Every structure is written in structure tokens, then in C-alpha cells.
1. Have a look at L58, L6, L46 and point out the one that is at pLDDT below 90, within 14 Å of the chain's Cα centre (by Cα) and either among the aromatic types (F, W, Y) or on the phi < 0 side of the Ramachandran plot (or both).
2. Given the condition modelled with pLDDT of 75 or more and under 14 Å from the mean Cα position of the chain (by Cα), answer yes or no: does some residue in the stretch 120-129 qualify?
3. Taking R95 as meeting all but one of (1) surrounded by fewer than 14 Cβ atoms within 10 Å (Cβ to Cβ); (2) out of contact with any helix residue (DSSP H, G or I) (no Cβ under 6 Å at 6 or more places or on another chain); (3) basic (K, R), write down the number of the exception.
4. Kindly evaluate I134 against the criterion of being part of a strand (DSSP E or B), aliphatic (A, V, I, L, M), within 23 Å of E48 (Cβ to Cβ) and in contact (Cβ under 8 Å) with a residue 40 or more places away in the chain.
5. Search the stretch 9-39 for residues being surrounded by fewer than 16 Cβ atoms within 10 Å (Cβ to Cβ) and among the hydrophobic types (A, V, I, L, M, F, W, C), and hand back the single one that is modelled with the lowest pLDDT.
6. Based on this model, can you work out whether A106 counts as surrounded by fewer than 19 Cβ atoms within 10 Å (Cβ to Cβ), of a type in the set (A, V, I, L, M, F, W, C) and assigned to a loop (DSSP other than H, G, I, E, B)?
7. Would you check if there is a residue in the stretch 87-96 being polar (S, T, N, Q) and in contact (Cβ under 8 Å) with a residue 24 or more places away in the chain?
8. Under the condition of being part of a loop (DSSP other than H, G, I, E, B) and among the aliphatic types (A, V, I, L, M), which residue from the stretch 109-131 is surrounded by the most Cβ atoms within 10 Å (Cβ to Cβ)?
Amino acid sequence: MEKFNLGSVIEDVIVKFSHNRVGDKPPVFLMVSTGLPPVVWKDQTLKEFVRRFLYDTLLTNDPDATVEVSVRRRSELRDIEEFVGIKPSYWVQLRVLSGGLKIMEASLEELLGDMGYRCEEWVGVETSRARLGIFGTIAGADLKLIVCLESNSRKRRCDLLLPICDSPSPVTAGPGPAKAERV
């Protein structure tokens, strides 16, 4: 199991980006909730994904558009837990918001694929500008990552929702929403 401070990882990425990007750099604001516990993950894939995702996002962002990055703990996300069929101890939400984001489903699928995750499905509602992506490990473990993309005429938002389990393996609620059982 890998244990790391997500706030520190994000700060390191922002510093590296500030030194490496040639030309104008977009302003970046970071907010990390106080008391955010260290993230415990099965290996270094999550840490590496966060690094690459944020770095690529900042590098390709419009230099005139402010980037807001926030990290917070969520005790539960009931609708998502029921839909995906997992019940973690808590969630960590990493949000990136900007008018200059160039985040697309295909680029997320490629990056997560490089990290050992595959897209199980993208879900959207016809009248909504939000899309929910569910990613599972290629190795077949019950580990899931949830991505929510939303855009309007001025801003794009990307939420990475990380289910964190206190036990070594994720606690599942069942095979899916229709057959979910609580223990």
C-alpha cells in the first residue's frame, strides 16, 4: 500500500509547471482542505496519475484563464456509491476548474489507460452538460476511479473522485446498483 499527501503532490506539480512552461503562465489557485488525511492507495499509480493529469492540464491551459485546484474530503457520495456499487470509507475530491481547460474524455481515457485503468462507461443525461466516467483497474480488482466533466460557455470543470478505504481492499456494495446489498 502507498501512502502519500495529496496536497503536497499537487503543490510539487504546480511548482514544476511554473518553472518548465515557456511563455505566459495562467494564474493557479490551490485550496486544500485542512485536516485532509494522507491518501492510501494500492500502489503509486494514483500519485503518478495526479501528477501527469495536473501537469498536462496546466501546460495546455489557456494562459489568460485562471486555474482553480481544490482538494477536499467527502464523507459519502450516496448517489454515486449506489450507481457504481461501492461503499468506501470516504471520498477525496480533486477539482480543477478553468475557462481554458482542454480536458477531454479521450485524453483522460488514454492517461488512465497508461496507469492501468480502463473506462467502464461514460454516462450523461441529454439535458445536462456533465458526463460521468467510471474507470476500473485492468487487473480486475474492485478499485474504481470516478471522473465528472462539466462544461458551460465560460468554464470547464473536472472532478476526480477517489474512493478511499480504510481496509486493504475496497468494500463493495455488490455487483451494481440493481443488486446492491449492504452488509
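1. Step by step, each of L58, L6, L46 is checked, and only L46 is at pLDDT below 90, within 14 Å of the chain's Cα centre (by Cα) and either among the aromatic types (F, W, Y) or on the phi < 0 side of the Ramachandran plot (or both).
2. Taking the stretch 120-129 and keeping what is modelled with pLDDT of 75 or more, we get 120-129.
The next check asks that each one be under 14 Å from the mean Cα position of the chain (by Cα); those that pass are none.
Scanning the stretch 120-129, I find no residue that is modelled with pLDDT of 75 or more and under 14 Å from the mean Cα position of the chain (by Cα), so the answer is no.
3. Condition (1) is where R95 drops out.
4. Working: part of a strand (DSSP E or B): yes; aliphatic (A, V, I, L, M): yes; within 23 Å of E48 (Cβ to Cβ): yes; in contact (Cβ under 8 Å) with a residue 40 or more places away in the chain: yes.
The answer is yes for I134.
5. The residue in question is V22.
6. No, not satisfied.
7. Taking every residue of the stretch 87-96 in turn, at least one turns out to be polar (S, T, N, Q) and in contact (Cβ under 8 Å) with a residue 24 or more places away in the chain.
8. In the first step, residues of the stretch 109-131 are kept if they are part of a loop (DSSP other than H, G, I, E, B); the result is 115-116, 125-129.
Those left that are additionally among the aliphatic types (A, V, I, L, M): 115, 125.
Details: M115: 19, V125: 9.
Once the filter is applied, the top-ranked residue is M115.
The values are calculated or read from the model by the stated rules, or taken from the named source; none is laboratory data. Just so you know, these numbers come straight off a predicted model, no measurement behind them. All Cβ positions, glycine included, derive from the backbone under ideal geometry; neighbour counts span all protein chains shown.
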